[in-house]
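One structure is given below, encoded as structure tokens.
Read the figures in this text as sums done on the coordinates, not as results from a lab. What you are looking at is a predicted structure, and each value in this text was computed from that prediction instead of being measured. Here Cβ is always computed from backbone atoms with ideal geometry, including for glycine, and neighbour counts include all displayed protein chains.
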């Protein structure tokens, strides 16, 4: 099966001279098949660079769909800071309603300095947590793969980074981010305190464990459960339940690791990991750490899935307000999130592979941008996203809000 074929429109190069291999104009070459499938996709551009990367991903979905006989109907809705400015709340009821009625949801980015001092219920991040809870998406899949073309972009030694291919399965709607009681109070000394509760019920652990075991079964058959069972009661229950669920998967090799050791091992020997399953807060931290094994957080997608209803697909980077509106944002994580949307949300494997192949072919040709550019390694550019003809950019996504 042929992948998407893109020609490149030239932009100002970081390297001293313009490579002669670049064509002078952009043109899309694609086959056309009759449309026979239709999907409703809710787009949530959000804040900062969110609208920029969502615009690119939307065009990519359209083109990939046209080659597979798929028609997408898109509806953009406000969320996060954009929704606060428009409606006064970070997740309007209409946004959640539209999202629930769609076949899949594609999110850009949430947050920014503008809203940092808002009360908690009026923070953009609250809207994201409400969205996840409202959609019932409890399983967050975050792949971290060091692509051979970008191994030199990793800050780790080549022999450590080369060949890394792991998946973090993060529980998304429980734990300390949602546990109660929570709030502010006063201790016995009259000092102000803040408190949160790390709490998990059996069913929450069991269902994420099943997702993790099934994911490991489709990969290399190894699952590492990460917890803090030497200290936390919630982690003690976590380890107990994961071990019990393991009896249903005799073909999967299960191991356990404390989170502090896991954080160290991800840097020391990341290739020892295949699939990792962990709770909400540990997954939040470890998945971002794993992302930097690849050289840039701007490269990595994610999928959030529930037992029913639409999935939520989003890049793991933040809103990067410092570069928003400057045509510098790296959209590859969002483009690859669109591929995950096709695969995990809609079951459209061929269309997903078209997008992934287009990304790989572009990197094979040497095109690089700020976050993945290494001196003497590839063609570095300022300006447009080079493997797409829509004038979007490929530059670092410095995280502002990454939940």
Seminar exercise, completed: Most exposed first, judged by fewest Cβ atoms within 10 angstrom, 258, 177, 113 run 113, 258, 177
For this session: Starting from the exponent 0.38 and prefactor 2.2 Å, build the expected Rg for segment 155-293 from its residue count and divide its actual Cα Rg by it.
Result: 1.16
Problem set entry | Neighbour-count order for 264, 340, fewest beta carbons within 10 angstrom listed first | 264, 340
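At a Förster distance of 25 Å, what's the computed FRET efficiency of residue 322 paired with residue 292, Cβ-Cβ distance as r, to 0.05? Don't jump to the answer; show the numbers that get you there.
Working: r = 18 Å, r/R0 = 0.74.
Result of the calculation: an efficiency of 0.85.
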For this session: Just grab the label-to-label distance for residue 217 and residue 357, each label 7 Å out from Cα along the Cβ direction, in nm (one decimal).
Result: 2.9 nm
Problem set entry | Residues 337, 296, sorted so that the one with the fewest Cβ neighbours within 10 Å comes first | 296, 337
Problem set entry | Nearest-0.05 FRET efficiency for residue 201 and residue 119, computed from C-beta distance (R0 22 Å) | 0.15
Exercise. For segment 38-79, how big is Rg over Rh, using alpha carbon atoms and the Kirkwood form of Rh?
Worked result: 1.01
Problem set entry | Mean separation of Cα contacts under 8 Å (6+ apart) over length of segment 155-293, as relative contact order % | 37 percent
